[in-house]
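The structure appears below as structure tokens.
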Amino acid sequence: MILIATLNKNKVKVFTTNNYKYMDNFCNLSEIKDDNNILVFHNIKIDKDGIIKEYDYFLEEVFISLNINLVITTKRNKKLEEICYYYNIPLIIV
């Protein structure tokens, strides 16, 4: 499953598969049953404590709750890099 966190309210469909979900919040992570997940952050801010600012949610909770295989982000963030390194998850910064 591709999980997309974005501030883009128009949510343009950019994938040719139905295997993606725009995250309105991260509170319902238990509903996601896929074992292979890609997390995409588009213009999302993560503070020095690891809180995803736009969602008011701890980033580390996402990694604890789901099996994340890859993280893609549009913004370099030291805390995101630290957490991905800790959980041995590849990080792509575009």
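The values are calculated or read from the model by the stated rules, or taken from the named source; none is laboratory data. Just so we're clear, the structure is a prediction, and the values are computed from it rather than from any experiment. A quick note on method: Cβ atoms are made from the backbone with ideal geometry, for glycine too, and the neighbour counts reach across all protein chains shown. Heads up: the accessible areas ignore ligands, DNA and RNA and are worked out on the full protein's heavy atoms, side chains in. Shrake-Rupley method; radii C 1.70, N 1.55, O 1.52, S 1.80 Å.
Across segment 30-41, coupling constants 3J(HN,Hα) worked out from phi with the 6.51/-1.76/1.60 Karplus curve, θ = phi - 60°, read 5, 6, 8, 9, 5, 8, 10, 10, 10, 9, 10, 10 Hz, and Gly and Pro carry x. For the options L70, L29, L59, a Gaussian network treatment of the chain with springs between C-alpha atoms closer than 10 Å singles out L29 as fluctuating the most.
Relative to the compact-globule estimate of 2.2 N^0.38 Å, the Cα radius of gyration of the chain comes out at 1.00.
Couplings 3J(HN,Hα) for segment 51-63, derived from phi with the Karplus relation 6.51 cos²θ - 1.76 cosθ + 1.60 (θ = phi - 60°), are 8, 6, 4, 5, 10, 6, 9, 6, 4, 4, 4, 5, 5 Hz, where x marks Gly and Pro.
Between F26, F41, L66, the Cα set farthest toward the positive side of the dipole of the chain (charges on each charged residue's Cβ, about the Cα centre) is that of F41.
Carbon and sulfur atoms: what percent of the 1.4 Å accessible area of the chain do they account for? Taking all protein chains in place, the chain shows 49 percent carbon and sulfur surface.
Summary: within the chain, the longest segment free of trypsin sites (Lys or Arg not before Pro) located in DSSP loops with at most 10 other C-beta atoms within 10 Å is 54-75.
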